[in-house]
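Data first, discussion second: the structure below is written as structure tokens.
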Amino acid sequence: MKITIVAGARPNFIKIAPIIHEIEKQQKNKVVISYRLVHTGQHYNKNLSDTFFEELNIPAPHNNLGVKSGTQAEQTAAIMISFEKELLQHPTDLVLVVGDVNSTMACTIVAKKAHTPVAHVEAGIRSGDMKMPEEINRIVTDSITDYFFTTSPHASDHLKRIGKPSEHVLFVGNVMIDTLLNNLPRINKPVFWDELNLVKGKYFTLTLHRPSNVDELGTFSRLLKHVVNKANGLPIIFPVHPRTQKILKEAKLTFENLHFVNPQGYLSFIYLVKYAKAVLTDSGGITEEAAVLNVPCITFRDSTERPETIELGTNILVGDDISKIDNAFNVLDSGNWKRAKSIPKWDGKTAERIIENILTLYGN
Ligand code: UD1
Ligand code: UDP
């Protein structure tokens, strides 16, 4: 069977790596399965794209649609137009999409209109926040997807509740954690570690890229200033996403303990997470990695589509509420942060389960 795998943005690359490696493993075992990798080009800076292909040993895409940036509609439309051509030239048995970015939704719509079945990896998660573009992507994608691979019983329950056939809702675990566990032995110090005199457990790792936190100067500056205040002089390492770079230029914020650095490669970023006193973030994927690494995680959002990172992991939600942020830092300083428990099926074997299920669904 032939699978077209779609990836467009940083977290997508991290999710497809173990799936591709599992297909390659099956090919070596003489199983008849092939794949075609389509990069939509939604992310294109080296440090958001190529670096991950190199570090995670992902083969070069068969096609890069090169869509780049735009408004929500421009980007979605550009991906749809290019992916339709790709599918016409290279028909396939299954389109596999991951996550919740514009590339995920755009390619799902195109595939279904071309009568090609779709498998969605990380299906069924919901934040309930319709102001997030990702929530719309998730809802639209899942409304027409055929096979749902989920990271949690919450996600599976949601899909079954909205009427998806239970034989197509498959709780397999988390591919992002496959990548984490596969690569932990390879993580390395970022280049600036020694220069900044970083010490394990004595610095914070910060990421912010959600439009609700970084698109408006007032919100962004207020949040950043407060966090810097609460860090008690400990260094804060802030790998800056290109969306955030724009506002940073306007904000002109400088603090002695706040270090802006480029987006990091996977191996040095995970190093920064693993040894941080806490991770301060609005990312989705990073809350999952912090949970598995048992690193305290403070999330600047009011909702999450990943409740297991709170129930079993190390994550708490503070939004941009100053009193909640203060309280979180107090708990951190008291040394009483909750400890992570193991999360079912986040065990490094998710890609194996996905490919096994696909082969079964396709009669192999
Ligand atoms: C996208 C996803 C988000 C995901 C994030 C991961 C959507 C709606 N959003 O957000 O869910 O969490 O990726 O990082 O799909 N830019 C560059 N170079 C790049 C990519 C982006 O300069 O390689 C700049 C452009 O100015 C662009 C802006 O960043 O307009 C935002 O990029 P975009 O892909 O639209 O959304 P993200 O904020 O990256
Ligand atoms: N990440 C990285 N370098 C960075 C920031 C993040 O390698 O500088 C990784 C991180 O470990 C996680 C993924 O990128 O695997 C999360 O991506 P992001 O926060 O951009 O997207 P989200 O998960 O919020 O959609």
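Residues of segment 170-198 being under 21 Å from the mean Cα position of the chain (by Cα) and of a type in the set (Val, Ile, Thr), which ones?
Of everything in segment 170-198, those that are under 21 Å from the mean Cα position of the chain (by Cα) and of a type in the set (Val, Ile, Thr) turn out to be Val172, Val175, Ile177, Thr179, Ile187.
Looking only at segment 309-333, filter to residues that are among the acidic types (Asp, Glu) and assigned to a loop (DSSP other than H, G, I, E, B); which one of those is surrounded by the fewest Cβ atoms within 10 Å (Cβ to Cβ)? Show your work before the answer.
Of the residues in segment 309-333, the ones among the acidic types (Asp, Glu) are 311, 320-321, 326, 333.
The next check asks that each one be assigned to a loop (DSSP other than H, G, I, E, B); those that pass are 320-321.
Working: Asp320: 17, Asp321: 13.
Among those residues, the one meeting the criterion is Asp321.
Name every residue in segment 263-298 that is near ligand 2 (Cβ under 10 Å from one of its atoms) and of a type in the set (S, T, N, Q), in order of residue number.
Result: Gln264, Ser268, Thr281, Ser283, Thr287.
Of these, Pro307, Pro296, which one is farther than 19 Å from Asn182 by Cβ and touching a His at 6+ places or on another chain (Cβ under 6 Å)? Break it down stepwise before answering.
Numbers: Pro296 fails: touching a His at 6+ places or on another chain (Cβ under 6 Å).
Of Pro307, Pro296, the one residue that is farther than 19 Å from Asn182 by Cβ and touching a His at 6+ places or on another chain (Cβ under 6 Å) is Pro307.
Quick one: would you say Gly201 is small (Gly, Ala, Ser), modelled with pLDDT of 95 or more and in contact with a Lys or Arg (Cβ under 9 Å, 6 or more places away or on another chain)?
Details: small (Gly, Ala, Ser): yes; modelled with pLDDT of 95 or more: yes; in contact with a Lys or Arg (Cβ under 9 Å, 6 or more places away or on another chain): yes.
So Gly201 fits the description; yes.
Considering only segment 166-204, how many residues are in contact with a helix residue (DSSP H, G or I) (Cβ under 9 Å, 6 or more places away or on another chain), over 17 Å from Ala119 (Cα atoms), part of a helix (DSSP H, G or I) and not β-branched (Val, Ile, Thr)?
Qualifying residue count, segment 166-204: 7.
Do we have any residue at all in segment 68-82 that's under 22 Å from the mean Cα position of the chain (by Cα), within 16 Å of ligand 2 (Cβ to nearest atom) and charged (D, E, K, R)?
no
Could you please tell me which pairs satisfy a Cβ distance under 6 Å, a separation of 6+ or placement on different chains, a first residue in segment 127-140 that is closer than 19 Å to Thr71 by Cα, and a second residue that is within 13 Å of ligand 2 (Cβ to nearest atom) and open to solvent by less than 70 Å² (accessible area, probe 1.4 Å)?
Glu134/Asp100; Glu135/Ser127; Asn137/Asp100; Asn137/Thr104; Arg138/Asp100
Search segment 37-60 for residues that are under 22 Å from Leu96 (Cβ atoms) and pair each with any residue that is assigned to a loop (DSSP other than H, G, I, E, B) and open to solvent by 60 Å² or more (accessible area, probe 1.4 Å) when their beta-carbon atoms are under 6 Å apart and the residues are at least 6 apart or on different chains.
Pairs found: Leu37/His62; Gly41/Lys68; Tyr44/Lys68.
I'm trying to understand the selection: among the residues of segment 146-158, which are surrounded by 24 or more Cβ atoms within 10 Å (Cβ to Cβ) and more than 16 Å from ligand 2 (Cβ to nearest atom)?
Just the residues of segment 146-158 that are surrounded by 24 or more Cβ atoms within 10 Å (Cβ to Cβ), to begin with: 148-152, 155.
Matches in segment 146-158: Phe148, Phe149, Thr150.
Could you look through segment 336-348, keep only residues that are out of contact with any Leu (no Cβ under 8 Å at 6 or more places or on another chain) and open to solvent by less than 60 Å² (accessible area, probe 1.4 Å), and pick out the one that is farthest from Tyr203 (Cα to Cα)? Outline the logic, then answer.
Residues of segment 336-348 that are out of contact with any Leu (no Cβ under 8 Å at 6 or more places or on another chain), as a first pass: 336-339, 344-346.
Restricting the remaining residues to those that are open to solvent by less than 60 Å² (accessible area, probe 1.4 Å) gives 337, 346.
Values: Trp337: 16, Trp346: 27 Å.
Among those that are out of contact with any Leu (no Cβ under 8 Å at 6 or more places or on another chain) and open to solvent by less than 60 Å² (accessible area, probe 1.4 Å), it is Trp346.
Checking Ala351 against (1) closer than 30 Å to Asp93 by Cα; (2) open to solvent by 50 Å² or more (accessible area, probe 1.4 Å), which single condition isn't satisfied?
Every condition holds for Ala351 apart from (2).
Which condition from (1) open to solvent by 70 Å² or more (accessible area, probe 1.4 Å); (2) of a type outside the set (Asp, Glu); (3) part of a loop (DSSP other than H, G, I, E, B); (4) more than 29 Å from Lys249 (Cβ to Cβ) is the one that Gly163 breaks?
(1)
Would you confirm, using the coordinates I've provided, whether Asn336 is more than 30 Å from Glu167 (Cβ to Cβ) and either part of a helix (DSSP H, G or I) or without any contact (Cβ under 8 Å) to a residue 24 or more places away in the chain (or both)? I'd like the intermediate steps shown before the answer.
Numbers: more than 30 Å from Glu167 (Cβ to Cβ): yes; either part of a helix (DSSP H, G or I) or without any contact (Cβ under 8 Å) to a residue 24 or more places away in the chain (or both): yes.
Criteria met by Asn336.
Looking only at residues in segment 1-24 that are part of a helix (DSSP H, G or I) and open to solvent by 40 Å² or more (accessible area, probe 1.4 Å), which one is nearest to Glu74 (Cα to Cα)?
Residues of segment 1-24 part of a helix (DSSP H, G or I): 10-24.
So of that shortlist, the ones also open to solvent by 40 Å² or more (accessible area, probe 1.4 Å) come out as 10-11, 21, 24.
Details: Arg10: 19, Pro11: 21, His21: 33, Glu24: 35 Å.
Among residues in segment 1-24 that are part of a helix (DSSP H, G or I) and open to solvent by 40 Å² or more (accessible area, probe 1.4 Å), the one nearest to Glu74 (Cα to Cα) is Arg10.
Just to be sure I understand, how many residues within segment 204-220 are out of contact with any His (no Cβ under 9 Å at 6 or more places or on another chain) and open to solvent by less than 20 Å² (accessible area, probe 1.4 Å)?
Kept after step one, since they are out of contact with any His (no Cβ under 9 Å at 6 or more places or on another chain), are these residues of segment 204-220: 204-206, 210-213, 215-220.
Then drop every residue that is not open to solvent by less than 20 Å² (accessible area, probe 1.4 Å), which leaves 204-206, 213, 220.
Total satisfying the criteria: 5.
Identify the single condition in (1) within 17 Å of the chain's Cα centre (by Cα); (2) open to solvent by 20 Å² or more (accessible area, probe 1.4 Å); (3) within 19 Å of Gly319 (Cβ to Cβ); (4) not charged (D, E, K, R) that Gly284 does not satisfy, given that it satisfies every other one.
Gly284 satisfies all of (1) within 17 Å of the chain's Cα centre (by Cα); (2) open to solvent by 20 Å² or more (accessible area, probe 1.4 Å); (3) within 19 Å of Gly319 (Cβ to Cβ); (4) not charged (D, E, K, R) except (2).
The values are calculated or read from the model by the stated rules, or taken from the named source; none is laboratory data. This one's a predicted model, so the numbers in the text were calculated from it and none came from an experiment. Virtual Cβ from ideal backbone geometry, glycine too; neighbours counted across all protein chains shown. The area values use the complete protein model at the heavy-atom level, side chains included, leaving out ligands, DNA and RNA. Shrake-Rupley method; radii C 1.70, N 1.55, O 1.52, S 1.80 Å.
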